[in-house]
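Since the structure comes first, as structure tokens, the remarks are kept for the end.
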Amino acid sequence: MKIRVFCQGFLICVVIWVLVLVAQGYFRSLRSTAESLGEKVENEEFADWSAREDEPGGEEGRNRDRRIREVVSLLASQEFNPETKMRLSELKDQFYSRLSQGERKLFVDLLLEEFEPYIVPFDALPGEHRRKLIKRAVKAAREELPPELLRSYEILDAEEVQEEIGETGWRMAMKGKSPDQIMEYLQLIEIAGELIQRMRIPKWEGQSRDK
């Protein structure tokens, strides 16, 4: 009997130890991702093309295209981590500010592709559910975002825009918008997407979680 109790206790300790190691590795990887992104964004070799009317071409254009795709991949995989949210947001804005006009469009198009798992189910919801979810997303943003970030997201105070998103869905609301305008939508898309993940759809069609 004592041996069995001892073995059970030992196994529980082993499981807890493994979970701690996994958690430590996970958070180390998050910090590592933020550091890797910082290296890519803050690299002095990545020139500022924001004030130029032409677009980068040749080898430089190909290298910049590759860098843009790498940054988008890192951003899309880490945007919800509370430990690095502020840092990632700063890096995203810093990187975007150095892009040419054509690169800005590519950047937001690639991010929107990454957010398809959030956009598609949201747009498929009935209008009433979309409106409720947007209100919850705005409320969550006000509660979760640091004050420095809140001041930069004008969409959180734009009730007409929020109503349009709820009425038509993300795709229609963003149709014809400039890359700079779409950047304003991205944070709200992420937060609404996170709320959808929490809801787990059989509830979408109906009911108590949306009330």
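The values are calculated or read from the model by the stated rules, or taken from the named source; none is laboratory data. All of these numbers come straight from a predicted model, not from anything done at the bench. A quick note on method: Cβ atoms are made from the backbone with ideal geometry, for glycine too, and the neighbour counts reach across all protein chains shown.
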Does the stretch 140-147 include one or more residues that are among the acidic types (Asp, Glu), in a helix (DSSP H, G or I) and in the same structural domain as SER77 (by TED's automatic domain parsing)? no
Lone unmet requirement of (1) assigned by TED's automatic domain parsing to the domain that holds LEU188; (2) surrounded by fewer than 19 Cβ atoms within 10 Å (Cβ to Cβ); (3) in a helix (DSSP H, G or I) for SER152: (3)
When you scan the stretch 123-131, do you find a residue that is in contact (Cβ under 8 Å) with a residue 24 or more places away in the chain, hydrophobic (A, V, I, L, M, F, W, C) and in contact with a helix residue (DSSP H, G or I) (Cβ under 6 Å, 6 or more places away or on another chain), even just one? no
